[in-house]
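Report on one structure; see the data block that follows.
The values are calculated or read from the model by the stated rules, or taken from the named source; none is laboratory data. This one's a predicted model, so the numbers in the text were calculated from it and none came from an experiment. Positions of Cβ are backbone-derived with ideal geometry, glycine not excepted, and every protein chain shown enters the neighbour counts.
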Amino acid sequence: MQLSLNYKFLILLQSIMAFLAFGLNMVLALLLWLPESILSLWGHHNIATYLFAFTMSIGFVVGWIATKITRKALRSGRVLPLHWHLKSQTLIDKLPSKTFNRAFMFSLSGLSMAAILVILLDALRLYAIPFLDFLLLSSIYSVCVSVAITSMAVYRALSDNILRHSRI
């Protein structure tokens, strides 16, 4: 079975963004908590603050980069635009058209993903997590967040109206 241009592009971009988010998460986690063996969910130097800050920033950066790359691919013809019918608009179509505003919305969606994870950790009473367990959890989480935000950014950018402006 052959994949369409858009699916190939989406899978490639998701892979790149997931790899970058994974690497950034590993570097930050090692720099912040390497000498510690047990990490606290709440309190001084905690996991919750890290998850909120990391997810908001990675949501913004991944949303920004994925939108820019998708628009460039649309202009060069490497992907095909999506032609949505006006009556079949989805929630993704409601995202802002400007790149900065859209990336900010992706950072807010990342914030909600982090809130869900922190609430689940709190509900499970995981107030202290061993460093290696947190490293595994945050690595998987960073990959999932980057894949989700990349998917939303690409599909929204594929339905953008990309007009070539004249230089006159």
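Determine which member of the set LEU132, LEU137, LEU163 is surrounded by 14 or more Cβ atoms within 10 Å (Cβ to Cβ), at pLDDT below 95 and of a type in the set (A, V, I, L, M). It would help to see each step written out before you state the result.
Numbers: LEU132 fails: surrounded by 14 or more Cβ atoms within 10 Å (Cβ to Cβ); LEU163 fails: surrounded by 14 or more Cβ atoms within 10 Å (Cβ to Cβ).
Result of the check over LEU132, LEU137, LEU163: LEU137.
I want to confirm something. Restricting to the range 82-110 and keeping residues that are part of a loop (DSSP other than H, G, I, E, B) and more than 26 Å from LEU20 (Cα to Cα), which single residue is modelled with the lowest pLDDT? Steps first, answer last, please.
Step one: list which residues in the range 82-110 are part of a loop (DSSP other than H, G, I, E, B), which gives 82-85, 89-91, 95-98.
Restricting the remaining residues to those that are more than 26 Å from LEU20 (Cα to Cα) gives 82-85, 89-91.
Working: LEU82: 73, HIS83: 67, TRP84: 58, HIS85: 51, GLN89: 62, THR90: 67, LEU91: 66.
The extreme case among them is HIS85.
Filter the range 16-68 down to the residues that are among the aromatic types (Phe, Trp, Tyr) and part of a helix (DSSP H, G or I) and list them by number.
Here is the first cut: in the range 16-68, the ones among the aromatic types (Phe, Trp, Tyr) are 19, 22, 33, 42, 50, 52, 54, 60, 64.
Matches in the range 16-68: PHE19, PHE22, TRP33, TYR50, PHE52, PHE54, PHE60, TRP64.
Between a first residue in the range 115-126 that is at positive phi and loosely packed, with under 13 Cβ neighbours inside 10 Å and a second residue that is assigned to a loop (DSSP other than H, G, I, E, B) and among the basic types (Lys, Arg), which pairs have beta carbons less than 9 Å apart while being 6 or more apart in sequence or on different chains?
From residues that are at positive phi and loosely packed, with under 13 Cβ neighbours inside 10 Å, there are no pairs.
Quick check, is PHE9 touching a helix residue (DSSP H, G or I) at 6+ places or on another chain (Cβ under 9 Å), closer than 15 Å to ILE58 by Cβ and aromatic (Phe, Trp, Tyr)?
Working: touching a helix residue (DSSP H, G or I) at 6+ places or on another chain (Cβ under 9 Å): yes; closer than 15 Å to ILE58 by Cβ: no; aromatic (Phe, Trp, Tyr): yes.
For PHE9, the condition - touching a helix residue (DSSP H, G or I) at 6+ places or on another chain (Cβ under 9 Å), closer than 15 Å to ILE58 by Cβ and aromatic (Phe, Trp, Tyr) - is not met.
Give the residue that is surrounded by the fewest Cβ atoms within 10 Å (Cβ to Cβ), with candidates limited to residues of the range 140-160 that are under 22 Å from SER97 (Cβ atoms) and modelled with pLDDT of 90 or more. Quick ask: steps written out before the conclusion?
So in the range 140-160, the residues under 22 Å from SER97 (Cβ atoms) come out as 148-160.
If we keep only those that are modelled with pLDDT of 90 or more too, we end up with 148-150.
Details: ALA148: 17, ILE149: 27, THR150: 27.
So the residue we want is ALA148.
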